[in-house]
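Contents: one structure, followed by commentary.
Coordinate-derived values only; no laboratory data. In this text, all values refer to a predicted model and were calculated from it rather than measured experimentally. Glycine gets a Cβ as well: all are built from the backbone with ideal geometry, and neighbour counts include every protein chain shown.
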Amino acid sequence: MKRWFLLPLLLIIGLTFVNGRIHAQSTGTQQHLIQPGDTWVALSWRYGIPQEALQNSYKHPNQQRQPTIGSTLLLPDTGREYTGQIVRVNEGGLLATAVSHQTSPWKIAAINGLRHPYRPTFYQPLFIPGGTEPPRDLPIGFETLELSHLTPQPGRGIGFRGITTHPISVTARLDGMMFDSFGNGRYHVSLIGIDDFYANRQPELTIQPDGHPLWSQPWLFVDGSWTYNEITLTGSAAAITREQIQAERARLFEIWSQATPTPQWTTPFQLPITDYLSISSLYGARRSYNGGPYNSSHEGVDFAAYGGTAVSAPAAGTVILAEPLTVRGNAVIINHGLGVYTGFYHLSAISVAAGEKVARGQQIGAVGTTGFSTGNHLHWDTLVAGQWVDGLAWLEDGMDCWILAGLGQNCESP
Ligand SMILES: [Zn+2]
C-alpha cells in the first residue's frame with residue numbers, strides 16, 4: 001500500500017523543481033558580493049531597485065542593519081547598473097558639493113527628490129550620477145575603503161585602509177575592540193589583532209572620522225581551523241606558577257599595548273629561523289596540560305631546532321626588550337612600529353641589547369631551552385594592536401606590504 005504514495009510524491013517534487021527553474025529564469029536574479037560601502041542606499045542607486053525591496057530580501061531579523069561585508073545578496077536582475085557617487089553633506093553644504101562635482105544643486109535636488117536644494121537633512125546620503133565607478137556609501141572623508149580580508153578568520157592580524165580627501169583622524173572599532181589607526185597625509189590604515197578564540201560571526205565594523213557621524217557595517221567572519229597538543233610538564237617547567245605567568249604577561253602587555261606611529265620595516269617580513277627541523281606547534285593550537293581540558297591555546301609558532309641555531313629579525317625594528325624572563329627564558333622583543341611586535345623566547349644566547357635598531361635578517365640570538373620549555377626550540381610570537389596573532393598567516397597574507405601600500409610607501413623586494 002505504501003508504494004502508492006511514492007509516485008504522486010515524486011511527481012509533485014519533479015513539478016516543483018521544474019517550476020522553480022522556470023520561475024528563476026523568468027524573473028532573473030544576480031548575486032552581489034557585499035563590499036564595504038555597499039549599504040542599502042548605495043545598492044538601491046546602483047541597481048535602480050527601491051531600498052525597501054532590497055531590505056525585504058535580506059534574511060536578518062533586523063532589516064535596518066546594513067548588509068554584511070563578505071556575504072552574498074541575491075538581487076532581482078534589472079539588467080542595468082548605474083555609476084556615480086554617494087555624498088553626505090550637512091545642511092548648506094549642497095551648493096559647494098554641486099560646484100565641486102560640476103553640476104547644479106537643483107539637478108542634485110531633483111534626482112534625490114529633495115524639495116529644496118539648500119536644505120538636505122543632517123548628512124542625508126545624496127546620489128550624484130556620473131563617472132565609471134558604482135556608488136559606494138563610505139565614511140565621511142573616505143574616497144576609497146579597502147579591507148585586508150573580505151572574510152577574516154580568528155587569530156589574524158587584519159585591517160582596513162583608505163585614501164581620504166584630507167588628513168583625517170578616525171576612531172575605529174570591531175564590536176567593542178579598538179583598532180590602532182595611522183595616517184600619512186591622505187593615506188589611512190587601521191589595524192587590529194583578532195583573538196584565536198573569537199567567536200562572533202558578524203561583528204560590526206564602525207568607523208568614526210573626527211567630528212563626523214559614525215559609519216557602520218557588519219563584517220562576515222569564518223571559523224579558523226586548529227590543531228591540538230597534549231603537553232606533559234615535569235621538573236622545573238611544572239613548578240612555574242600561575243602567578244609567575246600572570247606577572248610576566250602583565251609586564252609584557254605594558255610594552256605590547258604601545259603603538260609607535262611609523263612603520264620601521266620597508267621589505268616583506270621573513271621567518272626568524274631558516275635552519276630548523278620542523279614546526280612543532282602552530283599558533284592557536286588548543287592545549288591540554290597534563291591531561292587537563294583544552295581551554296588554552298598556543299600564543300606563537302614553535303620551531304624545533306638544534307641548540308645554538310641562529311635566530312634573526314624577521315623585519316627591521318627596534319629591540320625593546322633583551323633579557324632573561326622567568327617563563328619565556330632568554331627573550332628578545334622587537335618593535336616594528338604601528339603596534340606590530342615580534343618576540344623570540346627560550347634562547348640560549350642573546351646577541352642584541354634593548355634600544356638597538358636591527359635590520360631584517362640580522363642575528364638577534366640563538367635557539368635554546370631556557371625558561372618554561374621542554375627541549376630546544378624557538379617560540380616566536382607576533383602581536384598586532386596588543387593581541388597575539390598567527391605570524392605565519394601574517395607573512396602569507398602579505399600584511400607587511402599591504403600596510404605599507406596603504407600608507408603610500410614602497411615595499412621593496414629584499
Ligand atoms: Zn611555543
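Here are the numbers:
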quantity	calculated
Calculated P(r) of the chain - Cα pairs past 40 Å, %	34 percent
0 to 90° range, to nearest 10: angle between helix 3-27 axis and the chain longest Cα axis	80 degrees
Residue (of 325, 268, 315) at the positive-pole extreme of the range 224-370, dipole from beta-carbon charges	268
Kirkwood hydrodynamic radius of the range 271-386, Cα pairs, Å	14.2 Å
Mean Cα-pair separation over length for the chain, i.e. relative contact order, pairs under 8 Å, 6 or more apart, %	13 percent
Bins of 5 Å, starting at 0 and running to the largest distance - Cα pair percent for the range 349-388	6, 16, 19, 24, 24, 10, 1
Fewest-first sequence of 287, 115 by Cβ atoms within 10 Å of each Cβ	115, 287
Calculated [θ] (222 nm, deg cm²/dmol) that DSSP helices of n ≥ 4 give over the chain, each run adding -39,500 (n - 2.57)	-6000 deg cm²/dmol
